[in-house]
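Heads up, the thing below is written out as structure tokens.
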Amino acid sequence: MWALEQPCPERPPPLLADTPAALLAALAGAALGAAALVAGGWLPGAALAVAGVAAGHGALLATALAWALGGRTLPGVGLVALLALAALAARSHPLGLLAYAGPPLVVARLAARGRLAALGLGGGVPLRGVAAGAALGALLGGHLLVSASLTLGVAVGARPAGELLGALAYDAGANVLAAECFFRGALFARAQRRWPAAGAAALSTGAYVLRYLVDPLLPKSVELVVGAAFYLTLLGAANCWLLRRSGSLLPGLASALVFFAAWRLCDAP
């Protein structure tokens with residue numbers, strides 16, 4: 001009788017429920033098509049970089065939004081278009097990097113309307129949590145700079161100012177935004193409803209590190225790859241902890257933005 005009187009616990013949906021498979025297939029096809037056209041000399045090499053930004057980061061953002069919005073893909077399609085325009089603008093004019101403000105503004109607008117609470121974006125801004133995240137990112141980034149300069153001979157702060165600003169704009173508007181929304185706000189949040197937090201963090205962090213290891217922009221020397229995997233593992237695990245502790249994605253966003261700002265100061269030999 002006791003078992004009959006107790007409410008049946010609601011089972012969470014499958015881990016990959018509401019994934020926009022058709023949109024992801026279209027993005028993969030567009031990226032492969034761009035690669036073929038560039039290889040054939042029909043498009044300049046910059047077209048492949050633009051397609052990579054739109055397809056890679058757009059896939060992560062569109063999936064995160066679809067999971068948060070019950071399968072709706074239209075906001076994700078809009079963000080893919082904004083990412084493509086931002087990447088194209090940044091390569092076309094020095095002030096084009098300002099276009100990377102578009103995706104964060106769209107995400108902020110959706111969050112202000114209360115539509116992204118499932119991603120940890122909604123309600124007030126946890127100022128103490130954001131400060132803690134920024135401090136954690138500064139700690140990891142500072143350690144990275146010291147280690148890279150002393151052990152690998154990496155020059156610090158040698159990049160031209162314009163190149164550095166472009167990289168920071170790309171991180172804020174595409175790289176960090178997409179990674180934190182998907183790997184923490186979407187994947188980790190879903191996984192921890194099914195498994196212990198440690199297992200969910202391991203899944204999220206492992207996928208996060210893999211995303212960067214297959215990135216063609218990452219230098220492929222063994223030392224740099226091992227170093228990148230080490231620091232990204234620490235960053236990913238720390239950001240999972242920040243999300244679990246604060247209930248907000250903002251501390252993790254602050255942590256990753258500060259860390260990648262330090263990352264961009266490194267100029268591999």
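Overview of results
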{"item": "Which numbered condition A87 misses (of (1) surrounded by fewer than 22 Cβ atoms within 10 Å (Cβ to Cβ); (2) touching a residue at least 40 places away in the same chain (Cβ under 8 Å); (3) over 28 Å from A191 (Cβ atoms))", "result": "(1)"}
{"item": "Test: R184 is modelled with pLDDT of 95 or more, of a type outside the set (A, V, I, L, M, F, W, C) and out of contact with any strand residue (DSSP E or B) (no Cβ under 6 Å at 6 or more places or on another chain)", "result": "yes"}
{"item": "Residues being out of contact with any Cys (no Cβ under 7 Å at 6 or more places or on another chain) and surrounded by 23 or more Cβ atoms within 10 Å (Cβ to Cβ) - total across region 191-222", "result": "1"}
{"item": "Helices (runs of 4 or more DSSP H) lying entirely in region 153-240 (those with 3 or more residues that are farther than 21 Å from G142 by Cβ and touching a Gly at 6+ places or on another chain (Cβ under 9 Å))", "result": "197-213"}
{"item": "Matching option when the condition is out of contact with any Phe, Trp or Tyr (no Cβ under 6 Å at 6 or more places or on another chain), crowded, with 17+ Cβ neighbours inside 10 Å and more than 19 Å from A261 (Cα to Cα), among L121, L105, L136", "result": "L121"}
{"item": "Qualifying position, being in a helix (DSSP H, G or I) and either in contact (Cβ under 8 Å) with a residue 40 or more places away in the chain or outside the structural domain of L224 (by TED's automatic domain parsing) (or both), among L139, L144, L121", "result": "L144"}
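The values are calculated or read from the model by the stated rules, or taken from the named source; none is laboratory data. No experiment lies behind these values; they were computed from the predicted model shown. When we count neighbours, we look across all protein chains shown, and the Cβ atoms used for this are built from the backbone with ideal geometry, even at glycine.
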